[in-house]
Amino acid sequence: MRRLRHFEADGETFRVGDAAFVVTEDGGEYESDEENEPCEICGEVEKPHAPKQALARRGRCADRSRARGCGEQDGREQEGGEGVLVPMLECGGCLRGFHLDCLNPPLDDVPKGDWLCEACAAGNPPPRRARALTAVEKLLAGRLGLARVEGFWTRGDGPPMVDLRWFLRPEDLHTGRLRHHGAREVFLGRGTAEAPAECLLRPVPVVSRRAFAEAPPANNDVLVCDYLYDEIAQVFQRRLEDEEEEQAADGLHLDDYEADSGSDALSDDDEAFKLVAATSLKPKSHTMPLSAFGFRVHKRVRKQGGREWTEKRGAGQLGALGAAEVPAAALGGDPGPGGLLAAAAAALAPAAVPRSMPCRGAERAALAAFLEEAVAAGEDCLGQCLYVSGVPGTGKTATALEVVRDLRRRATAGQLPAFRFVELNALRLPSPQHAYSALLEALTGARAGPKAALAALEALFGGAGAGGARGGGGRVTVLLVDEMDLLVTRQQSVLYNIFEWSTRPGARLAVIGIANTLDLPERLLPRIASRLGGRRLVFQPYSREQLKEIVLTRLADARVSAAFNPRAIEYAARKVAAVSGDVRRVLELCRKGAEVAAEEAAATAAASPPAAGAAAAPAAGNAPLGARSSGCVEMRHVDAAVQEMFSAAHMQLLGRACRLDKLLLVALMLETRFSGRAEAYLEDVAARLASLLAARLEPPVAPGDIVAAAARLGAQRLLLADAGGRRLRMRVALNVAPADVAHALRGAAAVAAVPWLAQLELL
Amino acid sequence: MPIDWLKRRTALTGEATARNRPDDSESGEEIGSICVSGSSADEVTAFTDSTNAQSKRALAKASPAKRVSKAALPPVRGAPAAGAEAGAEAGGAANACVLASFAALSAEERAAGVRAAARFISRRLTDPAGGGPEEGGGMRLRGELGAHATALGRRLADVAARPGVNTSVLLVGPRGVGKTLVVERVLTQLAAEVNRDPGCPVLGVVRVNGGVHAEERAAFREIARQLCMTFSLQYQRSASLEDNMGFLADMFLDLRRGHKAVVFVLDEFDGFARRPKQTLLYNLLDALHRSDMQSAVLCLSVRHDVMHMMEKRVLSRFSFRKALVLSLAAELRTPARPAPAPAGRAWGPPGGAFAVGWNAALRRALAEPALLAALQALHDQGLAEPRDLAQVAQLAVLGLAGDPGFLRAADLAAAVTEVAGSQQTLVDAVRGLSVLELYMLVAVVRLQRRGGAGGASFERAFAEYSSLQRLHRTADAYGRAAALRAFERLLGAALLEHPGGRTERGALREFAPVEARAAHQEIEAGLARHASCPPLLKAWLAHEVVHQSAPNDDD
């Protein structure tokens, strides 16, 4: 049996991983379909423009998200010239096309979001067509199939066969077609089939909903798939976007390694390392001799959780991990109740990293220059190491990943030679030595313990200078080591080995190390420092203007700039820049401010429902124009957030301390003042307390209670105290500023409890 | 505030009438009856027939329903008569008639009611977060806790509903004040709302404790175990740390795909934050930051400065949201009405007349000034956290007798005294010593007080004790072997300790230096409360030299 990577027929090339239309048995006679549909009104497919109009992109409405009536323009417009066509708008309900000009009244621009034709808006069912025109419509009518190609193979001299995994239409789900299902939405199921490869019609791009909304493609053939569906368990699973990128990039490094020529079952075309069985979802166990390195490649088996995963994207049973229904909030980016403020809070979430980090242009350029040089050097890549440092929250890892993503895109486009990228994070490893295992697994897919991995890596990176060329292909490996200071061990062998390998001629390893301390290389052993070289990149903490710009950019990207008063952002940026310059802090502060403002708005809306009129209830849901009371985040909201996030807890705790605790603190302060030392023995403090109480004719306190009170305050760390077992021989010292204690002891509650406190001189 | 807390937690909320039992249907009118289950019916019978064991068994074999129906309540007809007897004021009449109706219950009903009440209230006190709506889970939280719970509930509801909203919160407050209670309440409520399908939960909760799972290996294993249990995966105990870390990373991906939400509750957070390499915290918080996972990390701690213990990388990823949960305020406000609950069921609170009487008696007891003063003193001492008040209530309720059957101020005051004295452990220990041990202890204290080189040791203490006995010729003169045994018992009871830690091997234990751990006042107090402490001993403790002419009563 031979496995093929691609298949050509009728001028179309199908690759593994593509989605394709499949001619099914119940499709009836296959007729050629038209790629583009004509307009319903004028009957023409293309209609030329009057030259004066600007051309908006030919847009399509994606799905049934709620119409946003804010009427914002689509910012990406180009100047039209002659010969450009009138855009055609597609109805979200019936998929019929209408020219913008042909509509009554004619539209100038593609409306944002959903658009329904008159019939669908009125709720009428779409008129039946005489025949389904386009392939997509045939698919939706059930006369054409859609499947993902899992692999091609041929046995002996037989015809090439293809392994397919079916896509499902919403009608095929257990819920049927629901309101929120888009017209072009399909679901990737678990059912598979084998078929002769001639049944494939043509490849179809199947993209995620977000990609579809951002960049609608030019032709008619596009489908949206966001979820996997398990027919047996009847649950859904999301397809995540970053996974898809990795999926694309995974294919890059697989053809580096030659298969063992001894096994004749495999040929050059085979994907030697992709040992996936596509015909069934049970994993096959395969071990392959890796004679270049003397190791066997085992499939990665996850030992916890009871399922065996064969690929990274795993295809196990979904079971309890699938969603029984897609939650409403996840559809169409609906920010939920609270409208603008909630959308602003979502835009400021830490995970919503923008595609391109603002205010890091110089650092990005430096990183890009380093990596381009390393990657372009190819065979001559030698000793390329860069050390990146900066306090937490300055965007080091994010910038590095962004640069790598950009380079990958260019490599796929052919502008740069292909390269491998491995990311290691020292805090995600159980121990520093496991860095070897992680590196080996990322490079070859082999799992081994630290010692074996070290030996394998030594062989891989050309221990004697000769072996490196075999694993070649000339690809450079870029290694990103995050939190590098935690890989420092006593003999520092891990870091030494990594940097040593990068200086070997055949290894082609470029290393970027990221840590917080500026002078980490100097503090390491000199031999490592010399290998690390002099290339440093320092990420300075953000300044006030940069923080402000970052927040404004985030808000602008999500188009919710109106939610914040710029002075509030300025205040937040000042506050954070004065302390740390940490971008996470300012984002969290603004997010909390938005929440405070939203709560205030909800409270005022609840307090005055009749004043708002009859539209109060639905308006509370989407009131983006609520500028009447506080639809905007003001400085006072950010101030409230600052109070919560930056205030110290000890003042309130001191205020609420019980009477005995307060007396103990007083006695301690007097004792330390009179003895001149910072700490005191509890027995001395107890003696002083006894004298205080005796002087005011109050009953004495038992020693057990004093010990318990000291232990209680010590547990809260208002005092620093020894273990309570030492009883009166504990040493105690104040852990909060004496001025704070004095202030708390002058408070109303304290004076009410202990009236004579006011007369004492505590400071 | 402590009064308010006590009142709400010990009131029976069965003001509504209980259901009728089928045997009384012929009477046709509302009978306030006590709801007794089969087992408490047995208890009823056992209570009435405490003397005769045989008849107890015979009665237990008889059908419980019939037995109880014989003891059915007469309808509350005694009220007007009692009212006529009682007196003028309406309030007084109401009280009196309530108490009269309570008194109209026969002894069996009262006993049964008392037992049911004790059981119900104990359960409510020991498990304030769980149980059904009638039990702890339905009690209203006090004002501050309620505010925290609302805010936290809102945040977590957001997390469970929408992807991309994740949060981390730190709750700080003294011990026993209600932090875990707030978290558990909020999570129970949210889970009830969100997890509709038991096979496919939408919200999962993972609880780890910094005292138990401080070490990374244990923490990751526990997290893996709880995740596997919640989402029906197969858990393998033999997975290594690397496997569990990989599992957690994979699970984050899976949870994102399936629109699931997970809440991590880290109790005793300072146990995690104290470590120099905070892998678990970094992995959890970094996962929140890197992806749009629907997850929340709730950290509970007693130390108010625990945020500064976190590593700078972890601290940068932590949102600085804090919730400060404070102790009960000192002022006593007017108590609120307890919320009405449905009629009593088999294991629920007793309903009907018993509940009415109970609540009225409770209100009266809690208005007495002596009890209020005792509670105030408890609060001043710092032992008035909700956990300690729960202990007070528990002690009071468990000490109930069948007659009269409701809580009195004296019961509550006794419980308060017991809790207040709970810190006097060494005094109690001294109180329980034998006379020879007391002599040895006092000898050590005298030697310590005198100072001098070498400190106290068994030899010197025995010499001291012998000299006293020679001087006074009391009846408490014992030999060296007995004295050594007494000394060892004092060491074992931790009233004496070796100051430097353990003694070196080979050093004769009679010569090893010892120190007394109890303070002078504590020993004095212990001697004062001792049942049979000779006055000579007290004098010996108080003065350096005791003359022979001091009166010594040898009994």
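Quick notes
- Extreme residue, farthest from the other protein chains (Cβ to nearest Cβ), among residues of the range A:514-543 that are touching an Asp or Glu at 6+ places or on another chain (Cβ under 9 Å) and in a strand (DSSP E or B): A:LEU537
- Of B:THR188, B:THR167, all but one fail to be without any contact (Cβ under 8 Å) to a residue 60 or more places away in the chain and assigned by TED's automatic domain parsing to the domain that holds B:SER316; the exception is B:THR188.
- Counting only helices (runs of 4 or more DSSP H) wholly contained in the range B:201-306, the ones carrying 1 or more residues that are within 23 Å of B:ARG321 (Cβ to Cβ) and free of Cβ contacts under 8 Å to residues at least 12 places away in the same chain occupy B:279-290.
- Verdict on B:LEU298 being within 30 Å of the chain's Cα centre (by Cα) and surrounded by 23 or more Cβ atoms within 10 Å (Cβ to Cβ): yes
- Within the range B:215-265, the set of residues being of a type in the set (A, V, I, L, M), buried (at least 18 other Cβ atoms within 10 Å of the Cβ), more than 7 Å from chain A (Cβ to nearest Cβ) and over 29 Å from A:VAL326 (Cβ atoms) comprises just one member, B:ALA219.
- The lone criterion from (1) within 7 Å of chain A (Cβ to nearest Cβ); (2) at pLDDT 90 or above left unmet by B:GLU268 is number (1).
- Qualifying position, being more than 26 Å from B:ALA323 (Cβ to Cβ), in a loop (DSSP other than H, G, I, E, B) and at pLDDT below 90, among A:LEU762, A:LEU757, A:LEU697: A:LEU762
- Search result, residues across the range A:343-378 that are part of a helix (DSSP H, G or I) and either over 16 Å from A:THR399 (Cβ atoms) or under 18 Å from the mean Cα position of the chain (by Cα) (or both): A:ALA343, A:ALA344, A:ALA345, A:ALA346, A:ALA347, A:GLU373, A:ALA374, A:VAL375, A:ALA376, A:ALA377, A:GLY378
- Residues in the range A:736-753 that are more than 12 Å from chain B (Cβ to nearest Cβ), in a helix (DSSP H, G or I) and surrounded by fewer than 17 Cβ atoms within 10 Å (Cβ to Cβ): 4 in all.
- None of A:ALA686, A:ALA694, A:ALA667 is more than 10 Å from chain B (Cβ to nearest Cβ), more than 25 Å from B:ASP270 (Cβ to Cβ) and crowded, with 16+ Cβ neighbours inside 10 Å except A:ALA667.
- Taken as a whole, the structure leaves A:LEU532 outside the set of residues that are surrounded by fewer than 21 Cβ atoms within 10 Å (Cβ to Cβ), touching a Leu at 6+ places or on another chain (Cβ under 9 Å), assigned by TED's automatic domain parsing to the domain that holds A:ARG420 and at pLDDT below 85.
- Number of the condition not met by A:ALA369 [criteria: (1) of a type in the set (Gly, Ala, Ser); (2) under 16 Å from A:VAL476 (Cα atoms); (3) surrounded by 17 or more Cβ atoms within 10 Å (Cβ to Cβ)]: (3)
- Subset of the range A:474-491 that is surrounded by fewer than 16 Cβ atoms within 10 Å (Cβ to Cβ) and more than 14 Å from chain B (Cβ to nearest Cβ) - its residue that is modelled with the lowest pLDDT: A:GLY474
- Counted residues, the range A:670-683 - those being within 11 Å of another protein chain (Cβ to nearest Cβ) and aliphatic (A, V, I, L, M): 1
- If you filter the range A:316-334 down to residues that are at the interface with chain B (Cβ under 8 Å from one of its Cβ atoms), surrounded by fewer than 22 Cβ atoms within 10 Å (Cβ to Cβ) and not in a helix (DSSP H, G or I), you find that the one that is modelled with the lowest pLDDT is A:PRO327.
- You will find that of B:LEU433, B:LEU378, B:LEU441, B:LEU426, the residue that is at pLDDT 85 or above, assigned to a helix (DSSP H, G or I) and more than 16 Å from A:ASP705 (Cβ to Cβ) is B:LEU441 and no other.
- Screening A:PRO430 with (1) in contact (Cβ under 8 Å) with a residue 24 or more places away in the chain; (2) under 25 Å from the mean Cα position of the chain (by Cα) gives one miss only, at (1).
- Scan of the range A:708-734 for residues that are within 9 Å of chain B (Cβ to nearest Cβ) and without any contact (Cβ under 8 Å) to a residue 24 or more places away in the chain, ordered by number: A:ALA708, A:ALA715, A:ARG717, A:GLY725, A:ARG726
- Screening the range A:709-735 for residues that are assigned to a loop (DSSP other than H, G, I, E, B), crowded, with 20+ Cβ neighbours inside 10 Å and of a type in the set (A, V, I, L, M, F, W, C) and picking the one that is nearest to the chain's Cα centre (by Cα) gives A:LEU718.
- For the range B:170-198, a tally of residues being part of a loop (DSSP other than H, G, I, E, B) and among the acidic types (Asp, Glu) returns 1.
- Top-ranked residue in the range B:307-323 [being facing chain A (nearest Cβ under 7 Å) and outside any strand (DSSP E or B); ranked as surrounded by the most Cβ atoms within 10 Å (Cβ to Cβ)]: B:ARG317
- Scanning the range A:631-671 for residues that are assigned to a helix (DSSP H, G or I), within 19 Å of A:VAL596 (Cβ to Cβ) and among the β-branched types (Val, Ile, Thr) yields a total of 2.
The values are calculated or read from the model by the stated rules, or taken from the named source; none is laboratory data. This is a predicted model, so every value here is computed, not measured. Virtual Cβ from ideal backbone geometry, glycine too; neighbours counted across all protein chains shown.
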